[in-house]
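First the structure, in the form of structure tokens, and then the observations on it.
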Amino acid sequence: MREKTLAIDFDGVIHKYSKGWMDSSIYDDPVDGAKEKMEELVSRGYRLIIFTVRLNPLVNEEPNLERNKMNKWLFDHGFIEGVHYHEITAVKPAADVYIDDKAIRFTNWDEVMKVVE
């Protein structure tokens with residue numbers, strides 16, 4: 001069986017992000033259970049990729065600074081590469097599942113329109 005990949009959004013899924021975007025600060029604690037569940041998924045053989053717009057140069061003029069801030073936040077909160085995740089990216093990676101707090105689950109366009117409106 002091939003390894004399944006889960007793409008996990010950083011803000012709102014790992015980082016609580018309770019006040020929304022604030023000058024690119026990573027100001028909040030982890031979402032309850034994020035670290036433990038991510039470790040469990042990795043131990044079950046899933047590949048976890050953290051994706052975030054924070055590292056996109058079209059959104060942030062200093063993506064390397066953002067990567068350093070994210071790495072520090074993850075380290076400070078006990079998230080370890082290889083134990084809790086495998087990589088961090090600014091692009092939507094190829095994945096079996098996307099976990100994102102701002103997503104709409106697609107079933108059909110009529111349902112999407114109801115949610116959007």
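5 Å is the cut-off here: which amide hydrogens, built 1.01 Å from N in the peptide plane, fall below it relative to Ile99, excluding neighbours closer than 5 in sequence?
Ala7, Ile8, Asp9
What ranking do 46-55, 4-13, 81-90 get when scored by the average of other Cβ atoms within 10 Å per residue, highest first?
Numbers: 46-55: 20.7, 4-13: 18.8, 81-90: 16.0.
Highest-to-lowest ranking by the protection proxy: 46-55, 4-13, 81-90.
In a shell of Cβ-Cβ distance under 9 Å around Asn60, excluding Asn60 itself, what net charge do Lys and Arg (+1) and Asp and Glu (-1) give?
Cβ neighbours under 9 Å give a net charge of -2.
In square angstrom, what is the accessible area per residue of region 56-117 with a 1.4 angstrom probe? Display every interim value, and only then the final one.
Numbers: 4720 Å² over 62 residues.
Here the per-residue accessible area is 76 Å².
Could you tell me how far the Cα centroid of region 42-111 sits from the Cα centroid of region 1-39, in Å?
7 Å
From the phi of every residue in region 17-23, what ³J(HN,Hα) in whole Hz does the Karplus formula 6.51 cos²θ - 1.76 cosθ + 1.60 yield, where θ is phi - 60° and glycine or proline is x?
6, 5, 9, x, 5, 9, 6
Given the convex hull of the Cα atoms of the chain, what is a quarter of its surface area in nm²?
Quarter of the Cα hull surface area: 8.6 nm².
List the residues, sorted by chain then number, that are 5 or more residues from Glu81 or on another chain and whose placed amide H is less than 5 Å from its amide H.
none
If I model a spin label as a point 7 Å beyond the Cα along the Cα-Cβ vector, how far apart are those points for Lys37 and Asn71 in nm?
2.8 nm
For region 49-117, what log10 I(q)/I(0) values come out of the Debye formula at q = 0.26 1/Å, with one point per alpha carbon and no solvent?
-1.18
Taking all protein chains in place and a 1.4 Å probe, what share, in percent, of the accessible surface of region 68-117 do carbon and sulfur account for?
Values: 2110 of 3720 Å².
With neighbouring chains kept in place, the figure for region 68-117 is 57 percent.
Quick query: amide H of His15 versus all other amide H atoms, modeled in the peptide plane; which residues come in under 5 Å with a sequence gap of 5 or more or a different chain?
Counting only residues 5 or more places away or on other chains, the set is Val31.
With θ set to phi - 60° and the Karplus curve 6.51 cos²θ - 1.76 cosθ + 1.60, what are the ³J(HN,Hα) couplings of region 47-52 in order, to the nearest whole Hz, using x for Gly and Pro?
My calculation for region 47-52 gives 9, 10, 10, 7, 10, 7 Hz in order.
Tell me the net charge near Lys102. Cut-off is 11 Å between Cβ atoms, Lys102 excluded, with +1 for each Lys or Arg and -1 for each Asp or Glu.
Cβ neighbours under 11 Å give a net charge of -4.
The values are calculated or read from the model by the stated rules, or taken from the named source; none is laboratory data. Note that the coordinates shown come from a computational prediction; the quantities given were computed from them, not determined experimentally. Cβ coordinates were reconstructed from backbone atoms using ideal geometry, including for glycine residues, and neighbour counts include every protein chain displayed. Remember, those area values only see protein heavy atoms, side chains included, never the ligands or the DNA or RNA. Shrake-Rupley method; radii C 1.70, N 1.55, O 1.52, S 1.80 Å.
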